[in-house]
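For reference, the structure is listed below as structure tokens.
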Amino acid sequence: MSVSMADIMAVVHRHAPRNFQPRFGMILGSGLSSLADQMTQVVSIPYQAIPGIQTGSVSGHASLLQMGYLNDIPVVCLRGRLHLYEGVAYEPIATLVRIVRNLGCHCFIVTGAAGSLREEVGPGELMMINDHINFQPGNPLVGANDESIGPRFLAMEDAYDHNLREIMIACAERLHIPLQQGVYISTLGPSFETPAEIRAFRMWGADAVGMSCVPEVILARHAGMRVACVAAITNLAAGMQHEKISHTGTLQYGEIAARKLIKLLPEFLKDANESGLAS
């Protein structure tokens with residue numbers, strides 16, 4: 001039996017802080033959940049308490065919808081994500097993103113772990129995504145379209161908001177945090193890529209590879225939110241290093257990158273809020 005968005009939001013609103021009016025949402029990927037520890041006045045809802053949503057099964061993902069304040073700015077945080085490789089359909093992924101929009105958010109910040117396809121951008125670094133290649137076997141907008149959410153045919157040339165990227169770059173420079181830019185290619189997983197696949201992806205123009213981000217970006221843009229995306233580089237991709245790629249390494253270097261994000265994102269939120277882009 002399907003659950004309506006109205007029923008889902010009724011559950012969320014029962015837990016939401018009084019007079020909570022967020023303009024920013026964010027989703028935290030593998031190894032990045034420590035960023036949410038910087039939030040104050042937090043109210044948490046486990047994913048499984050939201051109708052139609054299940055708990056994720058991947059280590060490093062807490063599966064919590066959190067509402068609170070980061071740098072005194074009201075924020076909705078998806079602490080952990082759901083992945084197609086877990087056997088999850090697109091529907092619960094879409095529901096989580098649309099909850100963020102229905103709570104009032106106009107900007108959505110996507111983070112995730114990624115492998116670097118550029119030798120000069122190593123583990124522990126940050127890469128701001130300026131475009132993507134969807135190499136997952138599908139699109140979260142397939143099926144009946146709800147015009148009250150967004151258009152049937154969604155233009156994606158401005159998927160990553162130029163103005164938000166400019167603000168992110170300025171914040172990184174002010175904080176002396178190296179911030180690369182590049183194209184993200186999203187694969188299904190859960191197996192890591194082969195060296196041959198990485199060679200092909202580099203020929204296509206990809207700079208980073210991961211198993212997430214793109215579905216949430218598409219859904220956020222469909223719902224009318226501006227998007228900024230930062231990838232935490234956790235490894236050089238297959239065939240570019242001697243060390244074998246592992247999820248343990250993903251979490252380890254994700255934490256190193258998270259320490260940079262903890263400094264960068266609160267400043268970004270303050271500047272983006274003052275810019276009026278989230279209004």
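The values are calculated or read from the model by the stated rules, or taken from the named source; none is laboratory data. This structure is a prediction, so every number in the text was calculated from the model and none was measured. Counting neighbours? That spans all protein chains shown, and the Cβs are built from the backbone with ideal geometry, glycine included.
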Handout entry: Count of the stretch 89-115 residues which are at pLDDT 95 or above, small (Gly, Ala, Ser) and buried (at least 20 other Cβ atoms within 10 Å of the Cβ)
Key = 1
Practice task
Check Ile198 against each of (1) at pLDDT below 90; (2) among the hydrophobic types (A, V, I, L, M, F, W, C); (3) closer than 29 Å to Asn139 by Cβ; (4) surrounded by fewer than 23 Cβ atoms within 10 Å (Cβ to Cβ) and name the one condition it does not meet.
Solution key: (1)
Practice task
Among the residues of the stretch 44-55, write down those that are surrounded by 14 or more Cβ atoms within 10 Å (Cβ to Cβ) and either assigned to a strand (DSSP E or B) or touching a strand residue (DSSP E or B) at 6+ places or on another chain (Cβ under 6 Å) (or both).
Solution key: Ser44, Ile45
Practice task
Give the residue that is nearest to Gln66 (Cα to Cα), with candidates limited to residues of the stretch 6-24 that are of a type outside the set (Lys, Arg), over 23 Å from the mean Cα position of the chain (by Cα) and assigned to a loop (DSSP other than H, G, I, E, B).
Solution key: Pro17
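When you scan the stretch 102-116, do you find a residue that is part of a helix (DSSP H, G or I) and either touching a strand residue (DSSP E or B) at 6+ places or on another chain (Cβ under 8 Å) or over 20 Å from Thr40 (Cβ atoms) (or both), even just one?
yes
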Exercise for the section: Determine whether Gly25 is in contact with a helix residue (DSSP H, G or I) (Cβ under 8 Å, 6 or more places away or on another chain), closer than 21 Å to Ala257 by Cα, in contact (Cβ under 8 Å) with a residue 24 or more places away in the chain and not aliphatic (A, V, I, L, M). Expected result: yes
Fill in the blank from the handout: In the stretch 73-84, anything touching a residue at least 60 places away in the same chain (Cβ under 8 Å) and either part of a strand (DSSP E or B) or over 21 Å from Val217 (Cβ atoms) (or both) is listed as Ile73, Val75
Problem - The lone exception for Asp72 - which of (1) farther than 26 Å from Gly143 by Cβ; (2) crowded, with 17+ Cβ neighbours inside 10 Å it fails - result: (2)
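Residue by residue, here is whether (1) within 22 Å of Ala231 (Cβ to Cβ); (2) of a type in the set (Lys, Arg) holds:
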position	(1), (2)
Gly52	no, no
Val76	yes, no
Arg79	yes, yes
His83	yes, no
Glu86	yes, no
Leu96	yes, no
Gly112	yes, no
Arg118	yes, yes
